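Every read-out reported here was derived from the displayed coordinates using simple, explicitly stated rules and does not represent laboratory data. In this text the structure is predicted, and so the values were computed from the model without any measurement. FYI the Cβ positions are ideal-geometry reconstructions off the backbone, even for glycines, and counts take in every protein chain you see.
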Amino acid sequence: MDIDVNEYRSVFLEETRELIDQFEKSLLELEKDPNNSGAIQSLFRAAHTIKGSSASLGFDSLAKFTHSLESLMDMVRNSKIALNQNIINILFKGLDYIQEAVDDIEEGHNGDIDYTDLIEMIEKAKTSSIELSVSKTSSKVEKDITRSLEELNDIETGIINEAFIRGLNVFVIKFSLSQGCQMKYPRAYMVLKSLEQLGEIFKTVPSVTDIEQEKFDLDLVYYIVTKSSEEEVKNVVQSIAEVEMVEVMPYESTRTEHIQKAVQGGIEKDEKSEIKVKADFKKSQTIRISVERLDNLMNLVGELVIDRTRLIKISEDVEEALSGSESVTSLAEVTTHMGRTINLLQDEILRTRMLPVSHIFERFPRLVRDLSHQLNKQIDFIVSGEETELDKSIIDEIGEPLVHLIRNSLDHGIELPEERKAKGKPEKGRLKLSAKQEEGYVVIQIEDDGRGLDPDKIREKAKKRDIVSPNILDQMDDQALFELLFLPGFSTADKVSEVSGRGVGLDVVKSVVERLNGSVSLSSKLGEYTRFTLKFPLTLAIIQALLVKVGKEVYALPLNVVLETRFLEEEEVKSIQSQQVTLFRGEVLPVLRLADIFETPGKENFQDNFLVVVSTSDKNVVLSVSDLIGNSEVVIKPLGYIVNRVKGFFGATILGDGRVALIVDTVSLMSAVKEKNFIKVG
């Protein structure tokens, strides 16, 4: 039966990208510790799985290439060639080729990338490395078993230890191919694939590479970890044509010794063990679900919230009209219970959208590794808080801003080894990436122990650019000067860099972060450190907001952009060149009347009593409003197509009384204001 490639393409892409992440993580671990046998085994498994799934869907070019990588790693795994930096670099380059092929497949092609140069490098690495002499496999199976038991490496011993503790079976399978067998490798491969349906094959004698090249006589030995019985395993092997003399032996001779070693070594039973037994998949507790479906569920919950609000209002009206009635009391109880249930449902759906930030953090070790080599810098990259959870929609957006900040730290922040040594610093620079949860927000920090920022240099650049008047610049403290770096086009970089460009991009970082209802700040000490702090709400579906009244209308301002609120005193608002302004912390800020901007009906008949200071992408402004209602947690509902075309809002929310309040987007609001000339720009 032919496989419908299109039907399985999305599954293949998703699983292969997970394997690519596993491959990259293991390769980085191996580069740090070449003796890490677990990393080698993980690399081999990832390549083996990619090869198999690629071949099954007809992506032959990718399958052939990953086969070459797999054979190289198999030789390393079996100590036939010595692991060196050249092989590490080949594997990194191979990973990039796999990624390129997967991208090509995602675009609807077949992943036919030109691997010729790298395959030649792989073959050269195989032959030029010092190979350890390995004797041919004896035709006597007994000698194979004896030698293979003596040659169990740390990985294989660990697998056996773990299997015994988990109560799994470990079998040694001896079998021979018939004398007239013309296709030894296909038969051996069929046995291997059939057994993999029962468990994990963790060792073969001879090695997988030798089997593929048919460097064996007729006798083979496979080791398997499985839940299946001895008889079930034997029946599977015997079902393959041209296979004879099948013998399945429990690995019992040293079982007691292995258990003692496992207990003494502190090996714990772990449900996330690397041993993947096929039967376990039947008990999977997770399923894949599309984000679109979760979004639909969230929208439906929003509709329930609206109905709940209306029902509460109706219940209150009925209770007022028919107080004391048992039916009214029951209605109130049901309404209260339904409200609690909807809240729980809403919380559960929000939680299903949350992902650990490791989904984005795991991209960065490779980035740091490659850039540090390119810049000839030594970097100790420290990552913490990967388990911190954030809404998937935010995780999908913050990758590029974080990449930019990391590039900046590596290029402009951390010094070259000789420069650090001259300053009395360790030659190896330190770059820290961390995440933590604080009061309904997730805080991500990027900190380096490099040059730090020079406030005087920033002040001098600002004077040359005429960004702020010299008098105000001279009065600005260091923190205020650092904020200038987020202005469009402003940079302290003296020259163009291939790594981080011209250093201009912090304004883009700030724009992206604020679009996600987050905030970004910068702190630094000359000669010691630079730290970027990004703060995001846990989810974009619910935000903390300040509710304000403009006439009879209610609007919501995201709390993360609100700097201060105050009662409006007539004498503190002045008019300069037809522009109303006020003084805020030594800075002259424009005052905007929301009633004028939103053209509120009857705006001439009411006055504003409060000022709200808010931040935007490039400056702070003051909004005047009629009244402050207070802080509230609001559920964001998307706007329709027509309303989306109106600048100044990014969503709406349902208030407790059932009314709809628009949520103000201060960034797009400023854009609309400038277009209408409410603020004189110049």
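Tell me which label goes with the value of semi-axes √(5λ) of the Cα gyration tensor in Å computed from the coordinates here: (1) 60, 35, 21; (2) 41, 34, 29; (3) 46, 41, 22.
(1)
Just the Kirkwood number for region 198-238, please: inverse of mean 1/r across all distinct Cα pairs, in Å, one decimal.
Computed over region 198-238, the radius equals 11.3 Å.
Tell me the label-point distance for the pair Arg166, Ser56, using the 7 Å Cα-to-Cβ offset, in nm and rounded to one decimal.
With each label point 7 Å from Cα toward Cβ, the separation is 2.0 nm.
Taking Rh as the Kirkwood radius, which is the inverse of the mean 1/r over Cα pairs, what is the Rg/Rh value for region 168-250?
Using only Cα positions, Rg/Rh for region 168-250 is 0.93.
Using packing as a proxy for protection, rank 14-23, 582-591, 468-477 so that the peptide with the highest average count of other Cβ atoms within 10 Å comes first.
Going by the mean number of other Cβ atoms within 10 Å, highest first, we get 14-23, 582-591, 468-477.
Along the charge dipole of region 519-649, pointing to its positive end and built from +1/-1 on Cβ of Lys, Arg, Asp and Glu, which listed residue (Val591, Phe532, Asn609) has its Cα farthest out?
Looking along the dipole axis, the top candidate is Phe532.
Counting other Cβ atoms within 10 Å of each Cβ, which GluC sites (Glu not before Pro) in region 437-474 have at most 14 and sit in a DSSP loop?
Those satisfying the criteria are Glu439.
Can you tell me the FRET efficiency between Gln580 and Ile349 if r is taken as the Cβ-Cβ distance and R0 is 56 Å, rounded to the nearest 0.05? Working shown, then result.
Values: r = 44 Å, r/R0 = 0.79.
Rounded to the nearest 0.05, the efficiency is 0.80.
Quick one: if you stick a label point 7 Å off each Cα along the C-beta vector at Leu563 and Gln22, how many nm between them?
The two pseudo-label positions are separated by 5.0 nm.
Loop-only trypsin sites (Lys or Arg not before Pro) in region 511-574, please: DSSP not H, G, I, E or B, and at most 12 other Cβ atoms within 10 Å.
Lys552
Pairs of Cα atoms under 8 Å, at least six residues apart: use those to get the relative contact order of region 512-639, whole percent.
28
Would you work out the charge dipole size for the chain about its Cα centre, treating the Cβ of every Lys and Arg as +1 and the Cβ of every Asp and Glu as -1, and quote it to the nearest 20 debye?
1040
Using the Karplus curve 6.51 cos²θ - 1.76 cosθ + 1.60 with θ = phi - 60°, work out ³J(HN,Hα) for each residue of region 25-39 in order, rounded to whole Hz, and write x for Gly and Pro.
Listing the rounded values in order: 4, 5, 5, 5, 5, 5, 5, 6, 9, x, 8, 6, 5, x, 5 Hz.
Can you give the angle from 0 to 90° between the axis of helix 506-515 and the longest principal axis of the chain, with both taken from C-alpha atoms, to the nearest 10?
80
Looking only at region 509-524, which residues have a backbone nitrogen under 14 Å from a spot 7 Å from the Cα of Val291 in the C-beta direction?
516
Expected output is a single nm value to one decimal: the length gained when fully extending between Glu326 and Glu400, i.e. 0.36 nm times separation in residues minus the C-alpha distance. What is it?
Stretched out fully, the Glu326 to Glu400 stretch lengthens by 20.7 nm.
Run the numbers on the chain and let me know its relative contact order in percent, using alpha-carbon pairs under 8 Å that are six or more apart.
Working: 1009 pairs, mean separation 50.4, N = 682.
Once normalised by length, the contact order is 7 percent.
Once you've got the Cα coordinates, tell me which of Lys457/Lys647; Lys93/Lys184; Lys126/Lys203; Lys603/Lys674; Lys32/Lys234; Lys25/Lys126 are over 31 Å apart.
Lys457/Lys647; Lys93/Lys184; Lys32/Lys234, as the Cα separations exceed 31 Å there.
For the ranges 223-230, 240-247, what's the packing order if you count other beta-carbon atoms within 10 Å of each residue, average per peptide, and put the highest first?
Per-residue Cβ counts within 10 Å, averaged per peptide and sorted highest first, yield 223-230, 240-247.
In nm, what is the difference between 0.36 nm times the number of residues separating Glu387 and Asn89 and their Cα-Cα distance?
104.3 nm
Put a dot 7 Å past each Cα toward the Cβ at Glu427 and Gln179; how far apart are the dots in nm?
6.6
So how much slack lies between Lys227 and Thr341, counting 0.36 nm per residue of separation and subtracting their Cα-Cα distance, in nm?
Using 0.36 nm per residue and subtracting the Cα-Cα distance, I get 36.8 nm.
How high is the relative contact order of region 285-431, in percent, counting Cα pairs under 8 Å that sit 6 or more residues apart?
Answer for region 285-431 is 22 percent.
To check you understand DSSP bridge types, tell me what percent of the beta bridges within the chain (both residues inside) are antiparallel, rounded to 5. Show your work: numbers first, answer last.
Values: 85 of 96 bridges.
Percent antiparallel among DSSP bridges in the chain is about 90.
Projected area of region 5-127, taken from the Cα convex hull and averaged over every viewing direction, in nm²?
6.6
So what J values fall out for region 49-56 if you push phi through Karplus, 6.51 cos²θ - 1.76 cosθ + 1.60 with θ = phi - 60°, rounded to Hz, Gly and Pro as x?
Each residue's phi maps through the Karplus curve to give 5, 4, 4, x, 5, 5, 5, 5 Hz.
Give the aspartates and glutamates reachable from Lys510 as a straight Cα distance under 18 Å; neighbours fewer than 8 places away on the same chain don't count.
Cα-Cα hits under 18 Å: Asp396, Glu397, Glu400, Glu447, Glu483, Asp618, Asp665.
Near Lys423, which aspartates and glutamates are there with a Cα under 14 Å away, not counting those fewer than 8 places off in the same chain?
Here the aspartates and glutamates satisfying the reach criterion relative to Lys423 are Glu415, Asp449, Glu528.
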